[in-house]
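The structure under discussion appears below in the form of structure tokens.
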Amino acid sequence: MKHESRSTHFQFEDPVRFSPSVERLLPDEGRTIQGLIAVNRYINEKTFADGGHAIRSVHAKSHGILQGYLEVQPDLPSNLAQALFATPGRYPVVMRFRQFQETFSMTAFLCRVD
């Protein structure tokens with residue numbers, strides 16, 4: 001089933017139902033993650049040393065950070081009620097909103113659920 005977004009430019013398929021078989025961890029994934037962390041740390045430390053204060057080290061863009069709660073409602077359709085969204089509840093989150101297509105958009109965010 002396809003769903004139209006608020007923008008007439010996109011159509012979305014139903015989400016893939018999560019199961020352990022969906023995620024495939026590669027044997028060296030831990031090493032890859034540690035490598036990415038090391039590279040990003042180096043870039044951040046170098047940028048700080050060169051500039052004398054904390055600045056965004058790559059791909060400058062406007063964004064904002066907020067802390068709050070994500071509330072999962074009890075009446076989600078079954079195709080959406082999976083993984084974190086399978087159980088109604090209130091979860092603490094840290095979110096990063098960013099600029100998207102020249103406008104501030106709440107649809108473009110990263111979210112960490114504790």
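A short reminder: the numbers here are calculations on the coordinates, not readings from a lab. Since we're looking at a predicted model, the values are computed, not measured. Glycine also receives a Cβ, built like all others from the backbone with ideal geometry; neighbour counts cover every protein chain displayed.
Rank-order 85-94, 31-40 by packing density, defined as the average count of other C-beta atoms within 10 Å over each peptide's residues, highest first.
The peptides rank, most packed first, as 85-94, 31-40.
Given R₀ = 30 Å, what would the calculated FRET efficiency be for Leu70 paired with Glu13, taking r from the Cβ atoms and rounding to 0.05?
That pair, Leu70 with Glu13, gives E of 0.80.
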